Amino acid sequence: MNLHDLNKIANAMVTPGKGILAADESSGTIKKRFDAIKVESTEDNRRDYREMLFRSTEAMSKYVSGVILYDETIWQNAKDGTPLVKLIEQAGAIPGIKVDEGTQALPQCPGELVTVGLDKLAERLKKYYERGARFAKWRAVIDIGAGIPTMTAISVNAHALARYAALCQAAQIVPIVEPEVLMDGDHDIDRCYDVTQRVLNKTFQELRVQRVELEGMVLKPNMAVSGKKCAKQASVDEVAEKTVRMLKACVPAAVPGIAFLSGGQSDEEATAHLDAMNKIGGLPWKLTFSYGRALQAAPQKAWSGKAENVAAGQRAFTHRARMNALASKGEWEGGLEKKVA
Ligand code: 5MM
């Protein structure tokens with residue numbers, strides 16, 4: 001492993017003014033997204049949609065540091081035969097790959113999940129590296145509810161995240177470590193804070209046990225937020241203040257950067273929260289975005305599967321990418337939302 005090079009890539013992924021596009025929806029998830037805009041989820045439509053994003057020159061070259069791809073996408077070519085990976089590289093962004101293989105029910109723990117995909121991961125990473133991937137992603141899913149999460153679910157998921165991260169670094173690929181505490185449910189922000197803190201502490205304990213080099217990874221956590229069904233929704237300032245406090249307590253300064261997931265927040269909420277955290281300042285790591293839904297909901301709607309809407313889809317994507325890029329420097333203001341790029 002060359003830690004210097006891993007660290008260089010990790011730093012590039014969290015460059016202030018840039019962030020990560022999470023376009024790694026698995027087949028089931030992209031079908032759900034396409035169903036919402038009444039587009040059939042065929043291989044060609046998925047290719048056309050992602051090609052539209054990756055050919056958004058301004059967004060990709062100015063505001064996007066890297067793109068997380070799904071296995072199908074990393075092997076796909078654009079309509080003119082150019083590999084989609086090349087489009088990303090030509091824009092100056094770094095291609096990445098989701099390598100987990102989804103979740104399975106966790107035995108003895110009703111309602112809880114464990115992320116799988118470690119078998120043959122070393123071989124798969126080699127092939128992805130040859131295709132151009134320089135970072136990877138693995139997402140663990142932790143739900144909050146009555147009696148959950150159990151320590152069992154937190155432990156096995158943290159263990160798998162660390163196994164994955166160690167294998168990535170051995171393959172000269174920067175691991176994005178994503179332990180996602182879901183925001184579904186009626187819990188308040190303090191419960192989210194407590195659970196996320198437990199999850200992060202266990203994750204970093206496992207990363208240390210498995211000798212993962214913290215300088216060569218990026219953390220992708222949820223923010224401390226109120227559950228979607230909680231009657232009392234925390235304000236932007238409370239989310240920012242509690243998330244920063246939580247991360248300071250759990251994430252070593254050796255980690256180059258933290259790239260948040262949006263987790264079901266609205267587009268503007270996700271931007272406002274990131275911006276408010278960066279406005280606090282004096283942080284030991286870079287804070288940026290690795291959004292899926294909060295970057296793609298608008299372009300998906302604008303595109304709606306029609307070739308004549310490609311320019312509108314690209315404008316919508318560029319706007320959201322720009323807003324989040326400003327938030328990664330603490331320079332966003334609500335008023336900018338009206339001026340669509
Ligand atoms: C883009 O969605 C990613 C893949 O999800 P599935 O494996 O369930 O299809 C997801 O991991 C995503 O990268 C993160 O959750 C961040 O996306 P959001 O929408 O939460 O910002």
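Numbers for the structure displayed
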{"read-out": "Highest-MSF residue in the chain out of Leu118, Leu161, Leu287 [GNM, Cα springs under 10 Å]", "value": "Leu118"}
{"read-out": "Potential lengthening between Lys31 and Ile280 on full extension [0.36 nm per residue; Cα-Cα distance subtracted]", "value": "85.8 nm"}
{"read-out": "Arg245 - accessible surface, heavy atoms, 1.4 Å probe, Å² rounded to 10", "value": "120 Å²"}
{"read-out": "Label point distance in nm, Val236-Glu43, each placed 7 Å from Cα along Cα→Cβ", "value": "4.5 nm"}
{"read-out": "Approximate shape of the chain as ellipsoid semi-axes (Cα gyration tensor, √5λ), whole Å, largest first", "value": "28, 24, 20"}
{"read-out": "The range 39-185 - convex hull of alpha carbons, volume per residue in Å³", "value": "136 Å³"}
{"read-out": "Rg and Dmax [Cα atoms of the range 213-263; Å; Rg one decimal, Dmax integer]", "value": "12.7, 41"}
{"read-out": "Accessible area of the chain divided out per residue, in Å², using a probe of 1.4 angstrom", "value": "41 Å²"}
{"read-out": "Formal net charge of residues neighbouring Ala312 (Cβ-Cβ distance under 11 Å; K, R +1; D, E -1)", "value": "+2"}
{"read-out": "Separation between Cα centres of the range 25-41 and the range 66-124, rounded to whole Å", "value": "17 Å"}
{"read-out": "Cut-off 12 Å between beta-carbons: net charge of the residues surrounding Lys242, Lys and Arg +1, Asp and Glu -1", "value": "-3"}
{"read-out": "Average Cα contact separation per residue, the range 159-287, under 8 Å, 6 or more apart, as relative contact order %", "value": "28 percent"}
{"read-out": "Two-site label geometry, Asp190 and Ala254: point separation in nm, points 7 Å out along Cα→Cβ", "value": "3.4 nm"}
{"read-out": "Share of carbon and sulfur in the accessible heavy-atom surface of the range 3-340 [1.4 Å probe, %]", "value": "50 percent"}
{"read-out": "Zone residues, the range 199-235, relative to Asp5, backbone N less than 18 Å from point 7 Å out along Cα-to-Cβ", "value": "213-218"}
{"read-out": "The range 3-340, relative contact order in percent, only Cα pairs under 8 angstrom and at least six apart counted", "value": "19 percent"}
{"read-out": "Highest-fluctuation residue, Glu89, Glu268, Glu40 considered, GNM on the chain with Cα pairs under 10 Å", "value": "Glu40"}
{"read-out": "Span-like helix ranges in the chain, DSSP H, alpha carbon extent 24 angstrom or more, Kyte mean at least 0.5", "value": "151-170"}
{"read-out": "Cβ-defined net charge surrounding Pro299, 9 Å radius [Lys, Arg +1; Asp, Glu -1]", "value": "+3"}
{"read-out": "Cα-projected label distance for Tyr129 with Arg208, points at 7 Å along beta-carbon direction, nm", "value": "2.8 nm"}
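The values are calculated or read from the model by the stated rules, or taken from the named source; none is laboratory data. This one's a predicted model, so the numbers in the text were calculated from it and none came from an experiment. Note that each Cβ is placed from the backbone with ideal geometry, even for glycine, and that neighbours are counted across all protein chains shown. Areas reflect the complete protein model, heavy atoms only, side chains present, ligands, DNA and RNA absent. Shrake-Rupley method; radii C 1.70, N 1.55, O 1.52, S 1.80 Å.
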